[in-house]
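> Before I ask anything, here is the structure I am working with.
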Amino acid sequence: MPVAMKKPHTDEDMIILRLRVHRSNAPRIKEYVQTVEAGDDRTYTMAEVFPEYVGKEQQVAMRGYRYRENLTQRQLSELTGIPQRHISEMENGKRTIGKEMAKRLGKALNADYKMFL
């Protein structure tokens, strides 16, 4: 019985991927890409790859979901009724996100509100 083997990469399977990252993160991202290309099944935590975001998960989530939905802070403000200044402060960790605020954000960003708490 033949054993299943990994299909070798061909040029047709490859794509060019451009990332814009902070210079200090480049070596870690290159290392991660090399392990992925080598077929390493190890997973990495956010803290391992981006230790500067530890403790800022809510802010990163909020900005990420807003970006995913292709919304500016002003547009999110209009959808939620939250002042744009407050959204900026939340994304920068200068303002806490309460439960009611998180629910409004979750609804507008199509995300589980608990991500913002």
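The values are calculated or read from the model by the stated rules, or taken from the named source; none is laboratory data. These numbers come from a predicted model, not from an experiment. Quick reminder, even Gly has a Cβ in these numbers, built from the backbone with ideal geometry, and neighbours come from all protein chains shown.
> Could you look through the range 41-61, keep only residues that are charged (D, E, K, R) and either at pLDDT below 85 or outside any helix (DSSP H, G or I) (or both), and pick out the one that is nearest to Pro27 (Cα to Cα)?
Top of the filtered list is Glu48.
> Considering only residues that are more than 18 Å from Val21 (Cβ to Cβ) and out of contact with any Ser or Thr (no Cβ under 9 Å at 6 or more places or on another chain), look in the range 42-57 and name the one that is surrounded by the fewest Cβ atoms within 10 Å (Cβ to Cβ).
My answer is Thr43.
> Test of understanding: among Gln34, Gln75, which residue is surrounded by 11 or more Cβ atoms within 10 Å (Cβ to Cβ), in a helix (DSSP H, G or I) and of a type outside the set (Phe, Trp, Tyr)?
Checking each option against the conditions leaves just Gln75.
> Looking for something among the β-branched types (Val, Ile, Thr), under 14 Å from Val60 (Cα atoms) and not in a helix (DSSP H, G or I) - is there at least one such residue anywhere in the range 89-106?
yes
> Follow-up. From the list Arg63, Arg28, Arg18, which residue is within 24 Å of Arg104 (Cβ to Cβ) and either in contact (Cβ under 8 Å) with a residue 40 or more places away in the chain or not hydroxyl-bearing (Ser, Thr, Tyr) (or both)?
Going through Arg63, Arg28, Arg18 in turn, the sole match is Arg63.
> Could you check Gly55 against (1) on the phi > 0 side of the Ramachandran plot; (2) in contact (Cβ under 8 Å) with a residue 12 or more places away in the chain; (3) among the small types (Gly, Ala, Ser) and say which number it fails?
Among (1) on the phi > 0 side of the Ramachandran plot; (2) in contact (Cβ under 8 Å) with a residue 12 or more places away in the chain; (3) among the small types (Gly, Ala, Ser), the lone unmet condition for Gly55 is (2).
> Just one of the numbered conditions (1) exposed (fewer than 14 other Cβ atoms within 10 Å of the Cβ); (2) without any contact (Cβ under 8 Å) to a residue 40 or more places away in the chain; (3) polar (S, T, N, Q) is not true of Asn110; which one?
All conditions pass for Asn110, except number (2).
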